[in-house]
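> Sharing a structure below in structure tokens format, with a few things to ask.
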Amino acid sequence: MAEDGREESVAADDDSQHTAEDGRNGLNNTMVEESPTLLRRMEICVAEAEKRSGKNAVNMQETFTVYLIETRPMDALAEGRNPAPDSLWRRYSEFELLRNYLLVSFPYIVVPPLPEKRAEFVWHKLSADNMDPDFVERRRVGLENFLLRVASHPVLSNDKILHHFLTEEHGWKEVVYETGFQAKADSRLKALSATFRPTNPLDQRCPVLVINPFVLDLLLLFGLAGVKLLHLLLDHHGGHRRTHHPTVDPENLRISKVVVSNRLTHPLDTVFNFSPVHPFLAASALPCGQLLSSRERFASRTKSLAVHSLPGEDVSQRFMDMKHYSDELQSHTSQLLRARARVADRLYGVYKVHGNYGRVFSEWSAIEREMGDGLQSAGHHMDAYAASIDDILEEEEHYADQLKEYLFYAEALRAVCRKHELTQFELEMATQDLISKKQQHEELSTGIVRTFSFKGMTNKLFGQEAPEQREARLKLLEELIEEGEEAVKDKTVECE
Amino acid sequence: MFSINLEMQEVGLTNGTPVETSSPASTSSLFNRLQLEDDLEADVRDTYADSTEMRDLFVTVDDPKKHVSTMETYITYRVSTKTSRVEFDLPEYCVRRRYQDFDWLRIKLEDSQPTHLIPPLPEKFVMKGVVDRFSEEFVETRMKALDKFLKRVADHPVLSFNPHLNAFLTVKDLNKRQGLALLSKVGESVKHVAGGYKLRARPAEFCAMGEYLDTFNQKLGTIDRIAQRILKEQSEYLTELREYGGVYSSWVGSEEELRRPLEGVAGCVTTSCGALEDLGDNMSLDFLPVLREYVLYLESIKNVLRKRDQSQAEYEGRLEAAILRKQEDRTPMPLEVEKCQDKVECFNADLKADWERWQSNKRHDFKQLLTGMADRNINSYEKSQAAWESLITLLQDKQTEDKTSETN
């Protein structure tokens, strides 16, 4: 199973090139780096798959597949040494756990998708059998892509849990649970399921007071996701020129963001660098695969982002656009997948019926003298024709897999948008809460009743409170206000 | 010797560039390479079919026209004849005939030449509700079958000299003759029933003939069913494929920069659909009718075989009777018995000769049929392939386009 081309051999470049250098990166794999992504330091691949049996949670015997993850330090390779890789076995559910962790911990990042849990969009012949060797192979490829993408993400790749996943076979699960991410996930889930609407989606209060690294990251990631969504394979060479020059912006931070843009492209560039890197990608030399070009996409997106990424600009509108786009993408890819499944089903039928010709020609040849040989061989050809459909459709599965990746990416994108909506909503709630608390505080401390309130009424009717009581209440309110302000701060940060 | 048609069609690519479609893999070129290895014997026998050098009677059926009268509506066909035979007064003739006339001819031939295999006519009756008798497709198919019928008769060394054929090809108005046809038909069938002799043993070669006919009939029926099933499955496939192409077109709406590639894919799918649809139409028009024609042929051959059996039975019956009588009162062999013997021997000889001729024609016809089917399939796939290949070019162009715009 060891295929040479699969290993990512990324030439390490001098990390000291800190400045906003770029554009010199031609079509080779040299890179400009600020903080190296994991992929730069480590070579990762999912080499094999094996069947295992064991007892599951309810103490029943079950069979499952495990995948071998191999890692090798990059510097060793660069030096020409060829050390044996470190390896460990992981099953699909562990990958899932890792991804869920990442989703909760980095809600503003579009997390790369996993290959599907169950075979969806099947046509009748392909049983939804998770043990089917073709399915296992495609899943292995999908898992490897997932790891490579995560490891090349500037933010995700530095996560400790990810490191653990790749290096410590046992005890990893416990460490993940200890992070308590699930509690966060639960609360989020509850909020998400509650129907809510940000009161003013175009509210400028979504503060982008400080150019926060994450804002641009998110937007660029979106752009990137758009790009990668659309050219999962191809001819997308390592050097990405900047599509715009930094506007005259005094803030140094801004310039470094532009650098970020370039840096972001490179790691993924190598991932998606066409042949001979990845058999999966190489196999997609199908015409359909060459369908979508990256350049244009990325160009347009970054242009639109460059225009709008000024502080205080309407971020919400962009999110609306993103959400809309992800909806469209989702609908189209799933339509396409369903239509393809139906087409495959029908085509299979056509080919298989031709197989009947094989039998009848063979029988006919028995009663013929001169024509006998010709008819026999005609029959054989018909049989061969009928049998050929299996390989044809299996190859097409790779194309379907790529469409599924788009589909999942669209879903992940959508999830990010929803989370943004949610945090915005929470921010508004917190802000309002804070305002009302401040109001109460003011009322109490000044004794002036601004607005009609029950307290005001009771005061008029029963006389004002004793000063001590008032003090106590004031104190309490102050504390609450402080808490409120903290909450607002947190939410603001999260929004960004 | 064999004329195999290679259809060279204009294949359009998505950007309109025509493409050469004759592929080295086509069946005719394969034949040309294998010609030398052909069985010589088979070749010799097959010259029965196409001895164009010796032919002196050429007939064609074409030019269908609709006739509307107060009583009925029907189609006539032009029957053209070119000949150098002395039996014909003129070297060329041109008459119009309708199906009824062909039917009359066939009946006359059957009656006057009962020991020979008469080619079949296309189906006489069509259910009015199911098939449109005047649709272009139906008329075209029928005309082709009538043409084949007439050509086969004209090529037959015995049948082509039949006076009824002569009348059919030359007389302006056949209607008068047709009245006699019904009467004589009735007469013949009465004669046959009156025979009533039972055959004890069919000679081996005719047994083999009978078995072959039965098995072949079966196989043809199976092939017909399979072909129809394929057509059905194919049309359902085409429906789904069209929908699939449509999704790409509608996707353009949300991906403006990808307009050209997506529309390119949609275009390719459409081209493939068109190619496959043409293939299906061709199968309906050219493949299935031949199968059906041979099924009818087999039926008529079986009838002739039965007639042969009957004449043999009659002879043997009479012979037996005569022998018994001879033993009793020493009378010489009656003349009828000898006549019967002659009749049987003639019958056997004619049938054998026709059988060989029929076999070689059949080989030729099916060779043409199957290679035609293969050629058409190749053609259809080549069209699809050309479209997809041009799409690859389009996509690659787009990529280089994008790259250059990036560097600007």
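> How would you rank B:Thr404, B:Thr222, B:Thr83, going from fewest to most other Cβ atoms within 10 Å of each one's own Cβ?
Result, fewest neighbours first: B:Thr404, B:Thr222, B:Thr83.
> Measure up A:Lys404/B:Lys232; A:Lys55/A:Lys160; B:Lys82/B:Lys352; B:Lys82/B:Lys151; A:Lys117/B:Lys398 against 24 Å on the Cα-Cα distance and list the ones that go over.
A:Lys404/B:Lys232; A:Lys55/A:Lys160; B:Lys82/B:Lys352; A:Lys117/B:Lys398
> Binning at 10 Å from 0, report for region B:218-407 what percent of all alpha-carbon pair distances ends up in each bin.
The calculated distribution, bin by bin, is 8, 20, 17, 14, 12, 9, 7, 6, 4, 2, 1, 0.
> Taking only the alpha carbons of region A:67-126, what extent do you get along each of the three principal axes, in Å, biggest first?
Principal axes ranked by extent give 49, 37, 18 Å for the Cα atoms.
> Just name one of A:Met429, A:Val350, A:Gln330: the one whose Cα is farthest towards the positive end of the charge dipole of region A:318-456 (beta-carbon charges, Lys/Arg +1, Asp/Glu -1).
Towards the positive end, the residue furthest out is A:Met429.
> Here's a follow-up. Output wanted: per-residue J couplings in Hz (rounded whole) for region A:430-438, from phi through Karplus 6.51 cos²θ - 1.76 cosθ + 1.60, θ = phi - 60°, x for Gly and Pro.
So the Karplus estimates, Gly and Pro as x, are 4, 4, 4, 4, 4, 4, 5, 5, 4 Hz.
> Please report, in debye to the nearest 20, how large the charge dipole of region B:218-407 is about its Cα centre when each Lys and Arg carries +1 at its beta carbon and each Asp and Glu carries -1 there.
1120
> Let me check I've understood the local charge: for A:Val175, count other residues with C-beta under 13 angstrom from its C-beta, Lys and Arg +1, Asp and Glu -1. What total comes out?
Cβ neighbours under 13 Å give a net charge of -4.
> Would you please give the residues with an amide H less than 5 Å from that of A:Val122, counting only those at least 5 places away or on a separate chain, with H modeled from the backbone geometry?
Amide H neighbours of A:Val122: none.
> Here's another thing I want to ask about it. Alpha carbons only, please: Rg and Dmax for region B:257-302, in angstrom.
When restricted to the Cα atoms of region B:257-302, Rg and Dmax are 19.9, 69 Å.
> Moving on. How much net charge surrounds B:Thr76 when only the other residues with a Cβ under 11 Å from the Cβ of B:Thr76 are counted, with Lys and Arg +1 and Asp and Glu -1?
Result for the neighbourhood of B:Thr76: +4.
> Mind sorting B:Cys346, B:Cys273 by how few other Cβ atoms lie within 10 Å of their own Cβ, fewest first?
B:Cys346, B:Cys273
FYI, it's all coordinate maths here, none of it is from the lab. Since this is a predicted model, take the numbers as computed values, not measurements. Backbone-built Cβ (ideal geometry, glycine too); neighbour counts: all protein chains shown.
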